[in-house]
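Notes for the one structure printed next.
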Amino acid sequence: MKTTTQNKTRAIANENTQAIVELHKVGATVVGITSLLIGGWAVACMTAGVIASGGPLALATEYIKAIVG
């Protein structure tokens with residue numbers, strides 16, 4: 001009888017562990033997708049800045065002018 005109880009307890013613990021693992025996988029996927037979206041937005045903004053300023057060197061000089069005033 002004790003063996004049956006122990007097996008049931010282990011089975012429940014394994015099911016809970018599986019659920020936690022799946023939740024961690026979903027969480028990691030959400031964080032990964034979010035970081036990809038933010039990274040893509042950053043690349044798009046930098047590209048637009050380079051195009052609007054006339055090139056990478058012009059972007060750097062305009063940035064320094066904006067900081068210095």
Name the pairs whose Cβ atoms lie under 7 Å apart, with the first residue in segment 30-53 and free of Cβ contacts under 8 Å to residues at least 60 places away in the same chain, the second surrounded by 10 or more Cβ atoms within 10 Å (Cβ to Cβ), and 6 or more positions between them or separate chains? 49/59; 50/56; 50/59; 53/59; 53/62
Going by what's in this entry, would residue 39 be described as under 29 Å from the mean Cα position of the chain (by Cα), modelled with pLDDT of 95 or more and surrounded by 10 or more Cβ atoms within 10 Å (Cβ to Cβ)? yes
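The values are calculated or read from the model by the stated rules, or taken from the named source; none is laboratory data. Owing to the predicted nature of the structure, the values given are computational and were not obtained by experimental measurement. Glycine gets a Cβ as well: all are built from the backbone with ideal geometry, and neighbour counts include every protein chain shown.
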